[in-house]
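K.L.:
A single structure is presented below for examination.
The values are calculated or read from the model by the stated rules, or taken from the named source; none is laboratory data. It should be emphasised that the depicted structure is a prediction, and the values quoted were computed from it without experimental measurement. For neighbour counting, all protein chains shown are included, and Cβ atoms are generated from backbone atoms with ideal geometry for every residue, glycine included. For accessibility, only protein heavy atoms count, side chains too; no ligands or nucleic acids. Shrake-Rupley method; radii C 1.70, N 1.55, O 1.52, S 1.80 Å.
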Amino acid sequence: MRVAPAIELSSETRLELEKLSRRRTTPVRVVQRSRIVLLAAEGMQNKEISERLGVAPRMASLWRSRFIQLGVEGLLKDAPRSGRTPAISPQMTARVIARTTQSKPAGATHWSRSRMALEVGISESSVGRIWRAHGLKPHRIESFKVSNDPHFAEKLEAIVGLYLNPPEHALVLSIDEKSQIQALDRTQPGLPLKKGRGQTMTHDYKRNGTTTLFAALDTATGRFTGYAAAAPTPRVAPLPAHD
């Protein structure tokens, strides 16, 4: 008869296992595992434990071994499982990433999921999962501008230094504007939001000129002061009649 490895418990560990096996908030699986270890510590073999607790002998053997290897922590969570084999191979994943980042489809500005799926021979959902896993968003473009001013660094340091260390009793404002904002209005009043229907508005609009928004940020308090200046809609003068 095969003899299972013996388990010896310290008084602290035994007390912890007894609390786990009796506490009402303890998950049922942890209660069962704790009882297996307590019975094993009394000298019972796996077959005897299985008969006492109504579990399979291999389960008693499994949690006896897990406790010997990991202690009480090994009883609190299941062992990691291998899981199913990924449907998409690492080679295919690398191919999709390379195509996405290093090429563009013919006659288009960026890859779509459908075009990439046709290109590499996998499903659109698989392409989407690969892009999400690697943080790729081909439809998004971010703009940048590098200054050609040879004194850019000096100016930057002067401005940032003013923000960080302003003169005493000085009011430092950061001012910017957004110009040529179209002041549009719908040709008819829209319908309000209600249950089962979103807010509606007409598809056509009328122009009310343009406006420019000026804003000043008080760098000491973070307070914004805004001002909108309206500009009339430019009109085209009629051409003079010719004889």
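K.L.:
List the pairs from Lys77/Lys137; Lys145/Lys178; Lys137/Lys194 whose alpha-carbon separation is above 29 Å, in the order I gave them. Before the final figure, lay out each step's value.
P.N.:
Numbers: Lys77/Lys137 37 Å; Lys145/Lys178 18 Å; Lys137/Lys194 35 Å.
Among Lys77/Lys137; Lys145/Lys178; Lys137/Lys194, the Cα-Cα distance tops 29 Å for Lys77/Lys137; Lys137/Lys194.
K.L.:
Rounded to a whole number, what % of the accessible area of the chain do carbon and sulfur atoms account for, probe 1.4 Å?
P.N.:
54 percent
K.L.:
Within 10 Å of each candidate Cβ there may be at most 12 other Cβ atoms; applying that plus a DSSP loop requirement, which trypsin sites (Lys or Arg not before Pro) in segment 113-183 survive? Could the numbers behind the result be given before it?
P.N.:
Values: sites: Arg113, Arg115, Arg129, Arg132, Arg140, Lys145, Lys155, Lys178; in loops: Arg140, Lys145.
Qualifying residues, ordered by number: Arg140, Lys145.
K.L.:
I'd like the distance between the alpha-carbon centres of segment 100-123 and segment 3-69, rounded to an integer number of Å.
P.N.:
56 Å
K.L.:
Continuing with the same structure: Report the charge-dipole magnitude of segment 1-146 in Debye, nearest 20, computed about the Cα centre from +1 at each Lys and Arg Cβ and -1 at each Asp and Glu Cβ.
P.N.:
Details: 27 positive and 12 negative charges, 120 e Å.
That gives segment 1-146 a dipole magnitude of about 580 debye.
K.L.:
Please list, ordered by chain and number, the residues whose modelled amide H lies under 5 Å from the amide H of Thr210; skip anything fewer than 5 residues away on the same chain.
P.N.:
Amide H neighbours of Thr210, under 5 Å, 5+ apart: Ala183, Ala231, Thr233.
K.L.:
For the chain, go through all pairs of different Cα atoms, get the mean of 1/r, take its inverse, and jot down that Kirkwood value in Å. The partial results should precede the final answer.
P.N.:
Numbers: mean 1/r = 0.0355 Å⁻¹.
For the chain, inverting the mean 1/r across all distinct Cα pairs yields 28.2 Å.
K.L.:
Turning to a different aspect of this structure: Using protein chains only and a probe of 1.4 angstrom, how many square angstrom of Val127 are accessible, to the nearest 10?
P.N.:
Val127 has an accessible surface of roughly 0 Å² with all protein chains in place.
K.L.:
What ³J(HN,Hα) values, in whole Hz, does the Karplus curve 6.51 cos²θ - 1.76 cosθ + 1.60 give for segment 150-161 when θ = phi - 60°, with x put for Gly and Pro?
P.N.:
So the Karplus estimates, Gly and Pro as x, are x, 9, 4, 4, 5, 5, 4, 5, 5, 5, 5, x Hz.
K.L.:
In deg cm²/dmol, rounded to 500, what helix-only [θ] at 222 nm does the chain give when every DSSP H run of at least 4 residues adds -39500 (n - 2.57) and the total is split over its residues? Walk me through the numbers before you get to the answer.
P.N.:
Working: 9 runs with 96 residues, N = 243.
After summing the helix terms and dividing by residue count, I get -12000 deg cm²/dmol.
K.L.:
Taking every alpha carbon pair in segment 103-243, what does the distance histogram look like in 5 angstrom bins from 0, in percent?
P.N.:
2, 6, 8, 7, 7, 8, 11, 14, 13, 11, 7, 3, 1, 1, 0
K.L.:
Please work out the average accessible area per residue across the chain, using the 1.4 Å probe convention, and give it in Å². Could you put the intermediate results ahead of the total?
P.N.:
Details: 19520 Å² over 243 residues.
Ligands and nucleic acids excluded, the result is 80 Å² per residue.
K.L.:
Quick one: ranking Phe224, Phe214, Phe152 by accessible area, 1.4 Å probe, largest first, what do you get?
P.N.:
Working: Phe224 140, Phe214 80, Phe152 105 Å².
Ranked list, largest accessible area first: Phe224, Phe152, Phe214.
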